[in-house]
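Taking it in order: structure first as structure tokens, then the write-up.
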Amino acid sequence: MAEIELNPGKTGFAGDDRVVPFQVEGLDVRGRAVTLGPLTDKILSRHAYPPPVARLLSEAIALTVLLGTSLKFQGKLIVQTQSDGPVNFLVADFTAPDGVRGYARFDEQALAAAQAAGKIEPHELLGKGILAFTIDQGEDSQRYQGIVALDGETLEEAAAAYFRQSEQIPTRVKLASAELFDRDPDGKPRHSWRAGGMVVQFLPQAPERMRQRDLHGGDGDNGQEFEEDDTWAEAQMLTSTVGPEELTDPDLGVERLLYRLFHERGVRVYDAQPVHDRCSCSRDKLHGVLSGFSAEEITSTIEDGEIRAECEFCSTIYKFDPSEFLRPN
């Protein structure tokens, strides 16, 4: 992996749908940043989600892309929420090395009521539940799953809590989504969705510097006042200044944003990794699932003489002849 000492006047930009790893040696932090354009818009446009739902799902996709591109093996990372809010289910999965997809489920009536009441902040739409991170390395390996509570938190806050709880790495997460209204080359009005995100982690050589404040309900610090590492405090302060518009601006570029934030501390960027809108469904996979159905179950799925199955993620419709699964008497 090549590295570049960032100088926006000399360095080209990665552009949309490419994750940029970076390092700030002066702050002992490493991270990844991304702006998502066509990828996000394609995924969202298949389902015509209401704007509040589209915003949440696009942030979940950005989070999944940031974490998934750090996988060091051929496998899958699944990020999903299950909660009692109007948007009760979000799922995005990343299949190494570069495929991502996403899907959201919501209660139309509950969402309409929330919108009418002006309760459309992420934590209000999600409600209480869980955020789960699942790593699947294939059939011959056990799945690993980490779960954190959703209790009035945003996806940013819940993801940071996951790293603190499961990985014990001080982490700051920034996520954003936006609607872009512009014109196409012919001058016609055009609408699209964008998303962006950044993960910053404190990884000093001395592990004791990574000490963090005790989690709520823990054993505490025995009455001693907690002092956070000054360097990590500075890194968090700088990261907190990033606005949603900077993470989604198609003209800014991740590299220029990183330079704005960290140039005084010496930021370096590494080779960008492209990501693609890529569903893992297939006719063969669905055929295998249907082959495990009983004759009664197969019969109950027949409509107009055929079996139709639609992928929730990419909306592809697969059609099967019932005779493929029903044995003759």
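Screening the candidates Leu57, Leu77 for the property of being part of a strand (DSSP E or B), touching a Leu at 6+ places or on another chain (Cβ under 7 Å) and touching a residue at least 12 places away in the same chain (Cβ under 8 Å) yields one hit, Leu77.
Among Pro86, Pro97, which is under 30 Å from Asp140 (Cα atoms) and not in a strand (DSSP E or B)?
Working: Pro86 fails: under 30 Å from Asp140 (Cα atoms).
The match here is Pro97.
In the range 276-303, what residues are within 30 Å of Asp17 (Cα to Cα) and surrounded by 10 or more Cβ atoms within 10 Å (Cβ to Cβ)? Please lay out each step first, then the result.
Pass one, the range 276-303, residues within 30 Å of Asp17 (Cα to Cα): 276-286.
Selection gives His276, Asp277, Arg278, Cys279, Ser280, Cys281, Ser282, Arg283, Lys285, Leu286.
Here the condition is being touching a residue at least 24 places away in the same chain (Cβ under 8 Å) and either among the acidic types (Asp, Glu) or surrounded by fewer than 20 Cβ atoms within 10 Å (Cβ to Cβ) (or both); of Arg105, Arg30, it holds for Arg30 alone. The combined condition, being in contact with a Ser or Thr (Cβ under 6 Å, 6 or more places away or on another chain) and surrounded by 18 or more Cβ atoms within 10 Å (Cβ to Cβ), is not fulfilled by Leu111.
With the requirement that a residue be of a type in the set (A, V, I, L, M, F, W, C), surrounded by fewer than 14 Cβ atoms within 10 Å (Cβ to Cβ) and part of a loop (DSSP other than H, G, I, E, B), what does the range 114-127 give you? Outline the logic, then answer.
If we filter the range 114-127 for residues that are of a type in the set (A, V, I, L, M, F, W, C), which is where we start, we get 114, 116-117, 120, 125-126.
So of that shortlist, the ones also surrounded by fewer than 14 Cβ atoms within 10 Å (Cβ to Cβ) come out as 116-117.
Correct list: Ala117 only.
Which of the residues that make up the range 132-182 are of a type in the set (S, T, N, Q), within 23 Å of Leu203 (Cα to Cα) and assigned to a loop (DSSP other than H, G, I, E, B)? Within the range 132-182, just Gln168 meets the criteria.
Among the residues of the range 242-261, what is the count of those that are part of a loop (DSSP other than H, G, I, E, B) and within 21 Å of Leu203 (Cβ to Cβ)? Step through it out loud before you land on a result.
Residues of the range 242-261 that are part of a loop (DSSP other than H, G, I, E, B), as a first pass: 242-243, 249-253.
With the extra rule that they be within 21 Å of Leu203 (Cβ to Cβ), the set shrinks to 242.
Of the residues in that region, 1 qualify.
Please work out if Thr231 is modelled with pLDDT of 95 or more and part of a helix (DSSP H, G or I). Here the answer is no, as Thr231 does not meet what is asked.
The strands (runs of 3 or more DSSP E) found wholly in the range 262-329 and carrying at least 1 residues that are touching a Gly at 6+ places or on another chain (Cβ under 9 Å) occupy 267-270.
The values are calculated or read from the model by the stated rules, or taken from the named source; none is laboratory data. Keep in mind that what you see is a predicted model, and the values were worked out from it rather than measured. Methodologically, a virtual Cβ is constructed for each residue, glycine included, from the backbone with ideal geometry; neighbour enumeration extends over all protein chains shown.
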